Amino acid sequence: MVFSSQIFIFYFLPLTLAVYYGLPRRGRHLALTLLSYLFYGWANPLFVVLLLTSTLISYVCGLKIAGERLWVGAASPSREGSSPDLRQKKIWLFVSVVTSLSILGFFKYFNFALENYNALFGWLGISGMRLDTVLKVTLPLGISFYTFQLLSYTIDVYRGQAKALRNFVDFACYISLFTQLVAGPIIRFREIADQMANRTHTAEKFARGVAFVSLGLAKKVMLANPCGKIADVVFDAGSRGVLDAWYGLGAYAFQIYFDFSAYSDMAIGLGLMLGFVFPKNFDSPYLSQSITEFWRRWHISLSTWLRDYLYLPLGGNRKGVWRTYVNLAVVMLLGGLWHGASWNFVIWGGIHGGMLVWERSQGKNAFYRRMPKTCRVAMTFFIVLIAWVFFRTADLPAAITYLGSLFGLAAVQDGAGLLGGILYQPYYWGTFSLAAVIVWGCPQTWDWTRTIPPWKAAPIVLALLVSLAVLMTQAYNPFIYFIF
């Protein structure tokens, strides 16, 4: 189930709000947990079993790290004044981290590892070492996102930055909350620990939540989907001209931004409607003047997670210049692999990692630092675009072919000119232009909805009504980040 679907908007969301506000406070977390499992298991009920298993393991590990008893009412060593043994804490943290990463690794990378293993021995001519199996592992929705939440919980408990939750229902609610379960933002437990215990429900908060959902839905169905159609036509074409290639790549850049930021907006808005305040996840990333700044603005919850739980534990910038460069490169390579089981994602991460290292090494001496702001923004966007080629294409040969099309190095077949009949229709060209205006000329939803006077309420309502009308007739409604 996705937010931008009729079944969610007209059935699931009204049911959830009615049940949530109709129950006393003590029953709300259980209701949200069960409804979230329904939301998550809509595509495949077996996904719920995996989610529940992972949740239970991290719940137990969190209690053991904190020195708590597993059964209710038992004396807790930590409450009696003694702290748990450091060795025991490390053991349980190890169990939590290894278990979570093993589950993620199996479901996300088994097929990838098997394909590369067989390809390696096929290249070496050792066919007897190949592994032939009919097993194909299905990637559970959102496993990358909720795995990071599980890891942050036990790590924060180990570090003493969060208290372990004794109530399993509360913990299951935090992990499975449908508002951010399948595509983030990645919510760390310490960010909403107090809200799990006590949060406010106000008309102002609910109204802002409705605004987030309305604008997010509009961005998804009115901008991301049409731009995605342009990108699909160009990337799937057997041949394309230079102008068409750049047009399709730009459309993909707009699609992935509006698709994911729209989902984040809706997640934040749904959270507000239920009393939760989630952190900002996007901050006009295409206005960035460097790749370093881009990663402060793009998918903020992921970039800060990688910083706090991977980059800093590796040593950050505390162990010398070269170690800093290695740490940056490793984090971005792993960040690319986190997005998907493909060498293209690794290359995408490598491009960003290489730019982060280069910018760190050059400091203020980087050649484009002396350019006007507009040129710095354009240069950064150009680098991001080139990296998106690897993110979008299926494999390395396809990426190389597309790069050739961008720079006029690929052969253009006679029929390539027919693409223009689809691509340059007023609807698609107008949508593409509107997306560009919003990307570089409009404030973020987070900032624009801080106050909602009548002059803002009117366009918000209009955006909701129009996007609902479009949704009712729109057959093309993909969601990119479901594969991550």
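The values are calculated or read from the model by the stated rules, or taken from the named source; none is laboratory data. Keep in mind that this is a model prediction, so the values were computed, not measured. Cβ sites come from the backbone with ideal geometry, for glycine too, and all protein chains shown count toward neighbours.
As for segment 148-156, it holds at least one residue that is touching a Phe, Trp or Tyr at 6+ places or on another chain (Cβ under 7 Å), of a type in the set (D, E, K, R) and in a helix (DSSP H, G or I).
Picking from SER5, SER54, which residue would you name as being hydroxyl-bearing (Ser, Thr, Tyr), out of contact with any Pro (no Cβ under 8 Å at 6 or more places or on another chain) and modelled with pLDDT of 90 or more? Can you show your working first?
Numbers: SER5 fails: modelled with pLDDT of 90 or more.
Of the residues listed, the single one that is hydroxyl-bearing (Ser, Thr, Tyr), out of contact with any Pro (no Cβ under 8 Å at 6 or more places or on another chain) and modelled with pLDDT of 90 or more is SER54.
Taking segment 188-205, which residues are part of a loop (DSSP other than H, G, I, E, B) and over 23 Å from the mean Cα position of the chain (by Cα)? Can you show your working first?
Quick first cut of segment 188-205, residues part of a loop (DSSP other than H, G, I, E, B) only: 188, 198-202.
ASN198, ARG199, THR200, HIS201, THR202 - these are the residues of segment 188-205 that are part of a loop (DSSP other than H, G, I, E, B) and over 23 Å from the mean Cα position of the chain (by Cα).
Which of the residues that make up segment 407-424 are modelled with pLDDT under 90 and either touching a Gly at 6+ places or on another chain (Cβ under 7 Å) or surrounded by fewer than 13 Cβ atoms within 10 Å (Cβ to Cβ) (or both)? Step through it out loud before you land on a result.
Start the filter on segment 407-424 by keeping residues that are modelled with pLDDT under 90, which leaves 408-424.
Hits for segment 407-424 are GLY408, LEU409, ALA410, ALA411, VAL412, GLN413, ASP414, GLY415, ALA416, LEU418, GLY421.
Checking TRP338, TRP322 one by one, the residue that is surrounded by fewer than 16 Cβ atoms within 10 Å (Cβ to Cβ), over 22 Å from ILE400 (Cβ atoms) and not charged (D, E, K, R) is TRP322 and no other.
Where in segment 368-484 are there helices (runs of 4 or more DSSP H), lying wholly inside it, with at least 2 residues that are under 20 Å from SER264 (Cβ atoms)?
Working: elements: 373-392, 396-406, 420-423, 426-441, 445-448, 454-473.
Fully inside segment 368-484 and qualifying: 373-392, 426-441, 445-448, 454-473.
Of all the criteria given as (1) over 18 Å from GLY238 (Cα atoms); (2) surrounded by 13 or more Cβ atoms within 10 Å (Cβ to Cβ); (3) not basic (Lys, Arg), the one not satisfied by ASP447 is (2). Quick check on LEU17: is it under 22 Å from LEU165 (Cβ atoms) and touching a residue at least 24 places away in the same chain (Cβ under 8 Å)? So LEU17 fails the test.
Determine, yes or no, whether PHE171 is within 30 Å of LEU46 (Cα to Cα), outside any helix (DSSP H, G or I) and among the aromatic types (Phe, Trp, Tyr). So PHE171 does not fit the description; no.
Suppose the filter is buried (at least 18 other Cβ atoms within 10 Å of the Cβ) and more than 15 Å from the chain's Cα centre (by Cα); does LEU243 pass it? So LEU243 fails the test. Taking the listed residues VAL331, VAL277, VAL346, the one that is among the β-branched types (Val, Ile, Thr), surrounded by fewer than 18 Cβ atoms within 10 Å (Cβ to Cβ) and outside the structural domain of ASN111 (by TED's automatic domain parsing) is VAL277, with no other qualifying.
The residues listed here are ALA387, ALA435, ALA378; of these, the one that is within 24 Å of ASP283 (Cβ to Cβ), surrounded by 13 or more Cβ atoms within 10 Å (Cβ to Cβ) and free of Cβ contacts under 8 Å to residues at least 12 places away in the same chain is ALA378.
Contact annotation: residue pairs with Cβ atoms under 9 Å, 6 or more positions apart or on different chains, pairing a residue in segment 197-222 that is under 27 Å from THR473 (Cα atoms) and not assigned by TED's automatic domain parsing to the domain that holds ARG166 with a partner that is among the basic types (Lys, Arg) and part of a helix (DSSP H, G or I), are ALA211/LYS456.
Selection over segment 124-173 of residues that are buried (at least 16 other Cβ atoms within 10 Å of the Cβ) and at positive phi gives a count of 1. Take the residues in segment 22-35 that are free of Cβ contacts under 8 Å to residues at least 24 places away in the same chain and either not small (Gly, Ala, Ser) or not assigned by TED's automatic domain parsing to the domain that holds GLN180 (or both), then tell me which one is surrounded by the fewest Cβ atoms within 10 Å (Cβ to Cβ). If we take residues in segment 22-35 being free of Cβ contacts under 8 Å to residues at least 24 places away in the same chain and either not small (Gly, Ala, Ser) or not assigned by TED's automatic domain parsing to the domain that holds GLN180 (or both), then PRO24 is surrounded by the fewest Cβ atoms within 10 Å (Cβ to Cβ).
Within segment 110-147, the set of residues being aromatic (Phe, Trp, Tyr) and either in contact with a helix residue (DSSP H, G or I) (Cβ under 8 Å, 6 or more places away or on another chain) or outside the structural domain of LEU46 (by TED's automatic domain parsing) (or both) comprises PHE121, TYR146.
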